[in-house]
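Since the structure comes first, as structure tokens, the remarks are kept for the end.
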Amino acid sequence: MLDLAFIRNHPDIVKEAARLKNNPIDIDALLDLDQQVLTLQRQVEDARALQNQLSKRMQEAAKNKDNALKTALIAEGKEMAEQIKAMEPLLATLTEERQQMLYLVPNIPDPSAPVGKDENDNVPIAYWGEKPRFDFEPLDHYALMQKLDLVDIERAVKVAGARSYALKGDAARMELALMNFAFDRIARKGFTPLIVPAMARSFAFIGNGQFPKGRDQVYAVEDTDLFLVGTAEVSITGMYKDEILKAEELPLTFVGFCPCFRQEAGTYGKDTRGVFRIHQFNKVEQYVICHADHQESVRWHEQLLKNSVELLQALELPYRVVNVCTGDMGDGKVGQYDVESWIPSEGRYRETHSCSYFHEWQARRANIRYRDEDGKVKFVHTLNNTAIASPRILIPLLEIHQQADGSVRIPEALRPYMGGQEFIKAR
RNA sequence: GGAGAGAUGUCUGAGUGGUCGAAAGUGCCGCUCUCGAAAAGCGGUAGGGUGCAAGCCCUCGUGGGUUCGAAUCCCACUCUCUCCGCCA
């Protein structure tokens, strides 16, 4: 959410941001509504001021035992109360409408973000690792998983419907190993480990930016105000809602884990093979709350990216980093890098990580602030990045490390988390 | 699921329907004292909206109601805590 005062003072900047992000919001309509609110608000406040004055004079009258005056003032007060009561519902409605519209206003992308329409305009900025050359016919991840008995999709679908899966055997062990591996490595950098609720109230989703716009991607728990989170980010943001932190407490750095749930509405027929796009997965997430300082945000953005790619390097997975263009990045983001891992069977890189910084956009929604050294209360900055998300990461992991004999080599860095095991072999 | 208690500022905690945005303590900041620190003393210290500003308005869990006027009375809801039951 942007500062309303900023939108008033810089409507052109906001309109340009919306255009760059393919966001159809009508800023003029918002400002128009805002003016209505302000006008009506002034009227109501004037009336209330008058009412308060009457109230004070009434006390005087009571003290002086001036019953005639008191009676007259009460009559006047009654009148004011009615006037106010008549104006209040409209003011409340308009204010709420303005708020809902405000939620839809996108953040201003950084000038360094490439301008573009969709993911095709994202700009690769770094490559790492050698794409493997196989001297045998490599399998795709699903074929590999079937052959090694690592997954049971049919029976999982029987239980939970399309886009479900059950990891089996060493794939199940590997998934847990990956979570542990990522959790450990990021924690070792000083990030506080956090296992967070996978369900959260609506305010957490509003705070994070998933609501109201992404509501259709989220599962609701019936007859409650609870929803299943699509990322630990939602819960962590919610945890700090309405807090005023001390400047010296910042930055707060977390490595958060929770199962993640996504409806994947509107993706029918897309990525239906294997475990690429599923409704439930596990994710270790990096999350940072820092001072309201652009440079500090940028430094953390780079650091979070570095943390993630170090994990991929340890897993010996070739990847590239793309600078996500304005049209492809989310509403709340100032800047976004995606890390894409090489998928041999598709002959292309695909998103496995997403690294974003938001400035105050989430903090304003969730009302997370801190008291600055000089006593001023400011909104914090927030950032987040995937550390590891699985089973998606199993796709490059299995495909890249498959061997001529049909087995899969476990990268050395992961072996300590799998009891020293070196290969996944057919049973 | 059953029974009870509660929700106030950084925290603890007081609060008779009007002079309460709110006592007191604590924390924090400044000053005095001191070579310096501690202790002690004095002063300051909630957030938000609106306005050039003075100011005005709002906020005592949330929403409604009573009233000229609600932290205070009434209703509903939410949440927290304690005990019992069930349970990983």
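Scanning segment A:275-304 for residues that are modelled with pLDDT of 95 or more, over 20 Å from A:Arg262 (Cβ atoms) and surrounded by fewer than 19 Cβ atoms within 10 Å (Cβ to Cβ) returns A:His294, A:Gln295, A:Glu296, A:Val298, A:Arg299, A:Glu302, A:Gln303. The set of residues in segment A:82-128 that are within 16 Å of RNA strand B (Cβ to nearest atom), over 25 Å from A:His294 (Cα atoms) and touching a helix residue (DSSP H, G or I) at 6+ places or on another chain (Cβ under 7 Å) comprises A:Gln83, A:Ile84, A:Met87, A:Glu88, A:Leu90, A:Leu91, A:Leu94, A:Thr95, A:Glu97, A:Arg98, A:Met101. A residue that is within 28 Å of the chain's Cα centre (by Cα) and either of a type outside the set (Val, Ile, Thr) or loosely packed, with under 14 Cβ neighbours inside 10 Å (or both) cannot be found anywhere in segment A:130-146.
The single condition from (1) charged (D, E, K, R); (2) over 30 Å from A:Pro251 (Cα atoms); (3) under 26 Å from the mean Cα position of the chain (by Cα); (4) part of a loop (DSSP other than H, G, I, E, B) that A:Glu346 fails is (3).
Of the residues A:Ala17, A:Ala5, A:Ala47, the single one that is modelled with pLDDT of 90 or more, within 12 Å of RNA strand B (Cβ to nearest atom), assigned to a helix (DSSP H, G or I) and surrounded by 14 or more Cβ atoms within 10 Å (Cβ to Cβ) is A:Ala47.
When the residues of segment A:358-406 are filtered to those that are within 16 Å of RNA strand B (Cβ to nearest atom), of a type in the set (Lys, Arg) and not in a strand (DSSP E or B), the one that is surrounded by the fewest Cβ atoms within 10 Å (Cβ to Cβ) is A:Lys376.
The values are calculated or read from the model by the stated rules, or taken from the named source; none is laboratory data. Everything numeric in this text was worked out from a predicted model, so none of it was measured. So basically every Cβ, Gly included, is an ideal-geometry build from the backbone, and we count neighbours across all protein chains shown.
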